[in-house]
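Here is the structure we will look at.
The values are calculated or read from the model by the stated rules, or taken from the named source; none is laboratory data. Note that the coordinates shown come from a computational prediction; the quantities given were computed from them, not determined experimentally. Virtual Cβ from ideal backbone geometry, glycine too; neighbours counted across all protein chains shown.
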């Protein structure tokens, strides 16, 4: 009798665990770690536009809407890339290659997130912010994932547009329009993505080659990638320094500029170190630049926030 009772309760005991696993699989489709990085650039853009703290309700609505929009784009990316993900060691354990979620369910989930994000942003922020979010989802899911990523070595440059879109969405959520400071911060995030992602692509070059994805490190020499990485790092820093003259009326001053110089020197130095290791035939260790790039963007965003507040 006891054994029979235990067998009957086993499914009930397993249900919460199975449900957590299912929910975790859907969350994994949205690539939350990437979303965190995107949202880091939304807040300083909103604060610049508002010349201080925007209302908490607007800030929350924009961040939630942006999260849903970025999640939708990433879900569609996982759906269209499921054939590639099966071939790459780095992505083989994503929910679709593992069979945790069906392609049809993923497609429906992406559609629900898309509609929810656009509706939320349109209802609580501005129509321009909602339109920019819709455009970013389409660009990343269709143009980047289905076209550029599979057919050109310049996919990272093309993919930089939706990657920097949260800046424009955040600004538009506050003002209902766009202005030059938003364009400059957009430019910083856009340029930053090349050294950031090429470092990751160098680390997983064999994966991309196995999946026949023509990422730059796959189709050209390490020396060429290193040189282009250094060049884009310098361009990133140069664009970041434009924010002082362009956004002086929005609260940007010496504190941000000093931080941009110091952080930029750190970022460029690490890019040059990578190039030097490539030239000396030493272990390249590209993930060092990858991690430095994340810290650089996060700290630069914090510098914008602090300078606007004081």
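Residue 160 - would you say it is assigned by TED's automatic domain parsing to the domain that holds residue 247 and under 16 Å from the mean Cα position of the chain (by Cα)?
So residue 160 does not fit the description; no.
Take the conditions (1) touching a helix residue (DSSP H, G or I) at 6+ places or on another chain (Cβ under 6 Å); (2) surrounded by fewer than 20 Cβ atoms within 10 Å (Cβ to Cβ); (3) at pLDDT below 95; residue 41 misses just one of them, which is (2).
A residue that is in contact (Cβ under 8 Å) with a residue 60 or more places away in the chain, surrounded by 17 or more Cβ atoms within 10 Å (Cβ to Cβ) and either within 30 Å of residue 50 (Cα to Cα) or assigned by TED's automatic domain parsing to the domain that holds residue 82 (or both) can be found somewhere in the stretch 191-213. With respect to the stated conditions, residue 105 is more than 28 Å from residue 229 (Cβ to Cβ), without any contact (Cβ under 8 Å) to a residue 12 or more places away in the chain and crowded, with 16+ Cβ neighbours inside 10 Å. Screening 126, 114 for residues that are crowded, with 19+ Cβ neighbours inside 10 Å, over 21 Å from the mean Cα position of the chain (by Cα), closer than 30 Å to residue 59 by Cβ and at pLDDT 95 or above leaves exactly one candidate, 126. State which residue is nearest to residue 292 (Cα to Cα) when the search covers only the stretch 214-227 and only residues that are surrounded by 23 or more Cβ atoms within 10 Å (Cβ to Cβ) and modelled with pLDDT of 95 or more. Within the stretch 214-227, the match that is nearest to residue 292 (Cα to Cα) is 226. Restricting the stretch 219-252 to residues that are in contact (Cβ under 8 Å) with a residue 60 or more places away in the chain and within 22 Å of the chain's Cα centre (by Cα) leaves a set whose member that is nearest to residue 275 (Cα to Cα) is 229. When each of 52, 110, 71, 66 is tested for being outside any helix (DSSP H, G or I) and closer than 22 Å to residue 166 by Cα, the lone residue that passes is 52.
Within the stretch 74-91, the only residue that satisfies the criterion of being crowded, with 21+ Cβ neighbours inside 10 Å and assigned to a loop (DSSP other than H, G, I, E, B) is 81.
Suppose we keep only residues that are closer than 20 Å to residue 44 by Cα and exposed (fewer than 15 other Cβ atoms within 10 Å of the Cβ) within the stretch 258-282. Which one would you say is farthest from the chain's Cα centre (by Cα)? Filtering first and then ranking leaves 258.
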